[in-house]
Amino acid sequence: MKAYQKVLMIVAALSLGLLFMFPMWKIYLKAPQYPEGLELHIWVNKLGGSSDHVLQNFNILNHYIGMEPIHAESFAELQYMPYIVIFFMITGVLVALIGKRKLVMGWSGLLMLSGAAGILDFYLWLVKFGTNLDPMAPIKVPGMTYIPPLLGNKTLLNFDALSLPALGSLGILLGIVLSLAVYFLSRHTTTQKQASKTKRALA
C-alpha cells in the first residue's frame with residue numbers, strides 16, 4: 001500500500017469516532033399531546049433526545065398504549081457497543097500500518113457484517129417494544145401493535161413516527177466506503193506494478 005492509501009485507511013478507522021460525537025439514529029414522534037414533536041436520539045452508548053424531558057415524555061406516551069418504559073439500562077448493547085467501535089478503530093489503524101490489502105478487505109467486510117447485525121438488533125428491539133404490550137394499558141385496540149418504523153414514516157393510531165439515521169451513522173458509512181476505496185486503489189497499484197514487471201521482462 002502506498003502512503004496516501006495508508007492515510008486514507010487511518011481516516012476510515014478514525015471516522016468511526018463520529019459515533020461518540022453524534023447520535024446513530026433518530027426517532028421523531030408527533031401526537032396530539034405533543035404537536036411540536038418529540039425527538040429520541042439513540043447513541044452508541046446512551047439514549048437521549050432533543051431536550052432533557054424527551055425520554056420521559058416518550059415513556060408517558062408509551063404507558064398509555066402499554067409499551068415498556070425505555071431506559072438505557074435496559075439495553076445491554078449500549079454497554080458493549082462502545083468497545084466494539086473502539087476495537088474497529090484500533091484494528092483499522094493497525095491494518096493501515098501493516099499495509100496488507102487482504103487485511104483491509106477483511107476489516108471492511110467485518111465492519112459491514114457488524115453494521116448489518118446492529119440494524120437487525122435494532123429492528124428486533126423495535127418489535128419487542130411494539131408487540132410486548134401491557135394488557136392493562138389505558139388504551140387497548142384488539143390486534144394492534146405499535147412497532148415503530150426501522151426506516152421512514154409510519155402512522156400508529158394518532159401517532160406519526162419517523163425513523164432516520166443520524167450523523168453518527170455517517171462514521172460507519174465513511175469507514176466502509178473509504179476502506180473499500182483503499183482496497184481497490186491498492187489492488188490497482190499492484191496490478192500496475194505486475195504489468196510493469198511483465199513489460200520489463202519481455203523487453
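Data for the structure
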quantity: Selection count where residues are in contact with a Pro (Cβ under 7 Å, 6 or more places away or on another chain) and crowded, with 19+ Cβ neighbours inside 10 Å, scope the stretch 47-59; calculated: 0
quantity: Looking only at the stretch 63-74, and only at residues there that are under 17 Å from I27 (Cα atoms) and in contact (Cβ under 8 Å) with a residue 12 or more places away in the chain, the one that is most open to solvent (accessible area, probe 1.4 Å); calculated: H71
quantity: Options M21, M1; residue that is open to solvent by 50 Å² or more (accessible area, probe 1.4 Å), at pLDDT below 90 and among the hydrophobic types (A, V, I, L, M, F, W, C); calculated: M1
quantity: Filtered residues of the stretch 128-167 (kept if open to solvent by 70 Å² or more (accessible area, probe 1.4 Å), touching a Pro at 6+ places or on another chain (Cβ under 8 Å) and either closer than 17 Å to L61 by Cα or not in a loop (DSSP other than H, G, I, E, B) (or both)); calculated: K154, N158
quantity: Cβ-Cβ under 9 Å pairs, at least 6 apart or on other chains, the stretch 107-124 side free of Cβ contacts under 8 Å to residues at least 60 places away in the same chain and loosely packed, with under 15 Cβ neighbours inside 10 Å, far side in a helix (DSSP H, G or I) and among the acidic types (D, E); calculated: D121/E77
quantity: Tabulated pairs, the stretch 1-29, first within 12 Å of F88 (Cα to Cα), second part of a loop (DSSP other than H, G, I, E, B) and open to solvent by 70 Å² or more (accessible area, probe 1.4 Å), C-beta under 7 angstrom, 6+ apart or interchain; calculated: none
quantity: Test: residue in the stretch 183-195 that is among the small types (G, A, S) and modelled with pLDDT of 75 or more; calculated: yes
quantity: Filter result (under 18 Å from E68 (Cα atoms), at pLDDT 80 or above and of a type in the set (S, T, Y)) within the stretch 128-165; calculated: T131, Y146
quantity: Exclusive hit being more than 30 Å from M144 (Cβ to Cβ), in contact (Cβ under 8 Å) with a residue 24 or more places away in the chain, open to solvent by less than 60 Å² (accessible area, probe 1.4 Å) and part of a loop (DSSP other than H, G, I, E, B), set V85, V93, V44; calculated: V44
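The values are calculated or read from the model by the stated rules, or taken from the named source; none is laboratory data. In this text, all values refer to a predicted model and were calculated from it rather than measured experimentally. When we count neighbours, we look across all protein chains shown, and the Cβ atoms used for this are built from the backbone with ideal geometry, even at glycine. Each accessible area value is taken on the protein alone, full model and side chains, heavy atoms only, with ligands, DNA and RNA left out. Shrake-Rupley method; radii C 1.70, N 1.55, O 1.52, S 1.80 Å.
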